[in-house]
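These notes are about the structure you will find just below.
The values are calculated or read from the model by the stated rules, or taken from the named source; none is laboratory data. Note that the structure is predicted; figures quoted are calculated from it, not measured. FYI the Cβ positions are ideal-geometry reconstructions off the backbone, even for glycines, and counts take in every protein chain you see.
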């Protein structure tokens, strides 16, 4: 085992751990009544894909995510303070609290936006990749989506255009087995999604194991290849450990299934590999965990203490700055004044 | 057909004015691209993009597969990463396919992301009756767009406005829906590239003091024709061409009605919850005290568009009935 791969595994472990703890703190923030609503979709159990794919990205690459995208953004470098504040609907959030969990974005990191419409952000990356090809940039644009979006027509339009025009697009499906409460077996007749992607002319990679280091190597290779205008499809199989959103107690699946599948924990697997390969010892891992815990505690408190927005913020960011929107109250009062 | 270079045309078709606007804008800004079904080799279903492929090449004038949602979505992604796309939807009726990308995505991106980014793109499309296109190729769906905050909506009535407003649309940082009427493509008028149009400002095409007729797109021309005949009966109609429905120039409408105290609103959209309903409310709200008669909205029927030419003709406002209603309103 050379030192470079040691570093990779350690880094992937840390990233996955940060995602996990971030999501746990979001859950805590919700219980404490500090989040903006309950439409919070946690990616616990799904950390491997986001950690590996974002590690293969370079400066200038862009991506869109789905409603379950906290982990992807955090792994790509999202500031957990500003993310948590956005989830809380506060002024210091990435989008001034106007987007929230499902519409978080950061142009400086190439995050072209999370999306609350299943499949809604997929064609955006086709357009971004069209720009890169036209402007001669060696960047890729990556659409992250779940297995639910595999059943949306817009994905196939996008796959076709990306393949037809040979665009640097990666379609990345984080297959967590569930579209809200509907299991994949109840949604599709053929579960081999690569078959579909291949038929459009995309390069394909299917990751269905817990070996983060191997996953990263394979993903890195296909993403690098995509930079040469060879669009690709990556499917990462995983299991959504908890309910669809915060209030969902998963009545549609039984506990045995959950217990069995939660054993497929990419973080536990990476930790074991780190220990057996003597990359780090128990104490060193503990130290990483404590650092991550502390970081996310700080972020949670940052969100709680961040101020609320001014009411006037309702009316900004809709059109060009020259366009002003009159409030309903002002309109009504003006009408009544005129009698 | 070669693309003419001069600044002034005594007569040019609406189609050629649009083509010229795209040509001039693409010459000035290498980041402007066009994508859509049959826009390149075919030159656009209504010929608006003819010869642009030869001028700018297939990197900038791009034929797409028949995938309306992704045509719009691709334009969004390109606009977010440095380009200025013009996405053509061959028929406005295809909004039915694309509304997620138009309404949920392009319109809301700047707002949802707290003003971090704007989406400088134009969706050019074509609608309206007059060619027996039937219920799925003849609609007027502008109210769908006008309803959604975050989108500009442009519906010009003549070549000069079409030229300037299309160029302006490409210069705003707000996604803009630009709807052309299918029967206007051959409509001729002057074009003066130096005679700019103020984006968001309605045009008082003809001053008058008996009644305000408020229209846009093809209905403007119906109003002009009706006004000519009303003049023979000594009725002086004021014609307002709205040009853009968002921004909507409320002041021009209100000031006109305050003067004439009578209003007739024309639209090829439906009677119920259409653009005309909105304008009618604005007039009632702001001119209640001075109105001598209820505001009348004269629109298409609340039915799908029929194919049979005789039915289609009377399904939308006609010049004869505009005249008739105008007379009834003021007497």
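In region A:164-174, is there at least one residue being crowded, with 20+ Cβ neighbours inside 10 Å, assigned to a loop (DSSP other than H, G, I, E, B) and touching a helix residue (DSSP H, G or I) at 6+ places or on another chain (Cβ under 6 Å)?
Yes.
Give the residue that is nearest to the other protein chains (Cβ to nearest Cβ), with candidates limited to residues of region A:95-110 that are closer than 19 Å to residue A:75 by Cβ and touching a residue at least 60 places away in the same chain (Cβ under 8 Å).
Filtering region A:95-110 for residues that are closer than 19 Å to residue A:75 by Cβ and touching a residue at least 60 places away in the same chain (Cβ under 8 Å), the one nearest to the other protein chains (Cβ to nearest Cβ) comes out as A:102.
Looking at A:259, A:325, which one is within 14 Å of another protein chain (Cβ to nearest Cβ), exposed (fewer than 15 other Cβ atoms within 10 Å of the Cβ) and without any contact (Cβ under 8 Å) to a residue 12 or more places away in the chain?
None of the other options fit; the residue is A:325.
Give the residue, chosen from B:114, B:133, that is at the interface with chain A (Cβ under 10 Å from one of its Cβ atoms) and touching a helix residue (DSSP H, G or I) at 6+ places or on another chain (Cβ under 9 Å).
That would be B:114, the only listed residue that is at the interface with chain A (Cβ under 10 Å from one of its Cβ atoms) and touching a helix residue (DSSP H, G or I) at 6+ places or on another chain (Cβ under 9 Å).
Could you check region A:259-302 and list, in sequence order, the residues that are assigned to a helix (DSSP H, G or I), within 19 Å of residue A:46 (Cβ to Cβ) and within 22 Å of the chain's Cα centre (by Cα)?
A:261, A:262, A:266, A:267, A:268, A:269, A:270, A:292, A:296
Report yes if some residue within region A:247-255 is surrounded by 12 or more Cβ atoms within 10 Å (Cβ to Cβ), touching a residue at least 24 places away in the same chain (Cβ under 8 Å) and closer than 29 Å to residue A:79 by Cβ; otherwise report no.
Yes, some residue in region A:247-255 is surrounded by 12 or more Cβ atoms within 10 Å (Cβ to Cβ), touching a residue at least 24 places away in the same chain (Cβ under 8 Å) and closer than 29 Å to residue A:79 by Cβ.
If you scan region A:227-242, which residues turn out to be touching a strand residue (DSSP E or B) at 6+ places or on another chain (Cβ under 9 Å) and part of a loop (DSSP other than H, G, I, E, B)?
Across region A:227-242, the qualifying residues are A:230, A:231, A:238, A:239, A:240.
Confirm whether residue B:39 is crowded, with 18+ Cβ neighbours inside 10 Å, touching a helix residue (DSSP H, G or I) at 6+ places or on another chain (Cβ under 7 Å) and closer than 24 Å to residue B:191 by Cβ.
Here the answer is no, as residue B:39 does not meet what is asked.
Scan region B:87-99 and tell me whether some residue there is within 26 Å of residue B:13 (Cβ to Cβ), crowded, with 21+ Cβ neighbours inside 10 Å and within 8 Å of another protein chain (Cβ to nearest Cβ).
Checked region B:87-99: no residue is within 26 Å of residue B:13 (Cβ to Cβ), crowded, with 21+ Cβ neighbours inside 10 Å and within 8 Å of another protein chain (Cβ to nearest Cβ).
Filter region A:279-290 for residues that are within 14 Å of residue A:7 (Cβ to Cβ) and free of Cβ contacts under 8 Å to residues at least 60 places away in the same chain and give the result.
Within region A:279-290, A:284 is the sole residue that qualifies.
Out of the residues in region A:311-322 that are modelled with pLDDT of 95 or more and assigned to a loop (DSSP other than H, G, I, E, B), which is farthest from residue B:119 (Cα to Cα)?
A:316
Right, residue A:22: surrounded by fewer than 24 Cβ atoms within 10 Å (Cβ to Cβ) and either farther than 18 Å from residue A:213 by Cβ or in contact with a helix residue (DSSP H, G or I) (Cβ under 6 Å, 6 or more places away or on another chain) (or both) or not?
no
Okay, residues lined up against (1) touching a helix residue (DSSP H, G or I) at 6+ places or on another chain (Cβ under 6 Å); (2) more than 19 Å from residue A:71 (Cβ to Cβ):
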{"site": "A:270", "(1), (2)": "yes, no"}
{"site": "A:279", "(1), (2)": "yes, yes"}
{"site": "A:295", "(1), (2)": "no, no"}
{"site": "A:299", "(1), (2)": "yes, no"}
{"site": "A:306", "(1), (2)": "yes, yes"}
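Working only within region A:149-180, note down all residues that are within 14 Å of chain B (Cβ to nearest Cβ) and under 16 Å from the mean Cα position of the chain (by Cα).
Of everything in region A:149-180, those that are within 14 Å of chain B (Cβ to nearest Cβ) and under 16 Å from the mean Cα position of the chain (by Cα) turn out to be A:149, A:170, A:171.
Just name the residue that is farthest from the other protein chains (Cβ to nearest Cβ) out of those in region B:55-69 that are closer than 18 Å to residue B:92 by Cβ and buried (at least 18 other Cβ atoms within 10 Å of the Cβ).
The residue in question is B:68.
Considering each residue of region A:111-132, count those that are more than 7 Å from chain B (Cβ to nearest Cβ) and either surrounded by fewer than 24 Cβ atoms within 10 Å (Cβ to Cβ) or more than 16 Å from the chain's Cα centre (by Cα) (or both), and give that number.
Counting residues in region A:111-132 that are more than 7 Å from chain B (Cβ to nearest Cβ) and either surrounded by fewer than 24 Cβ atoms within 10 Å (Cβ to Cβ) or more than 16 Å from the chain's Cα centre (by Cα) (or both) gives 5.
Please determine whether any residue of region A:264-281 is within 30 Å of residue A:32 (Cα to Cα) and loosely packed, with under 14 Cβ neighbours inside 10 Å.
Yes, the conditions are met somewhere in region A:264-281.
Within region B:221-331, considering only strands (runs of 3 or more DSSP E) that don't extend past its boundaries, which have at least 3 residues that are within 21 Å of residue B:129 (Cα to Cα)?
Counting at least 3 such residues, we get B:263-270, B:296-300.
Go through (1) touching a helix residue (DSSP H, G or I) at 6+ places or on another chain (Cβ under 9 Å); (2) surrounded by fewer than 23 Cβ atoms within 10 Å (Cβ to Cβ); (3) under 30 Å from residue B:19 (Cα atoms) one by one and return the number of the condition residue B:249 breaks.
(1)
Provide a single number: the residues in region B:1-54 that are within 14 Å of another protein chain (Cβ to nearest Cβ) and either closer than 17 Å to residue B:181 by Cα or assigned to a loop (DSSP other than H, G, I, E, B) (or both).
Count: 5.
What about residue A:207, is it modelled with pLDDT of 95 or more, surrounded by 16 or more Cβ atoms within 10 Å (Cβ to Cβ) and within 14 Å of another protein chain (Cβ to nearest Cβ)?
No; evaluated as a whole, the condition is false for this residue.
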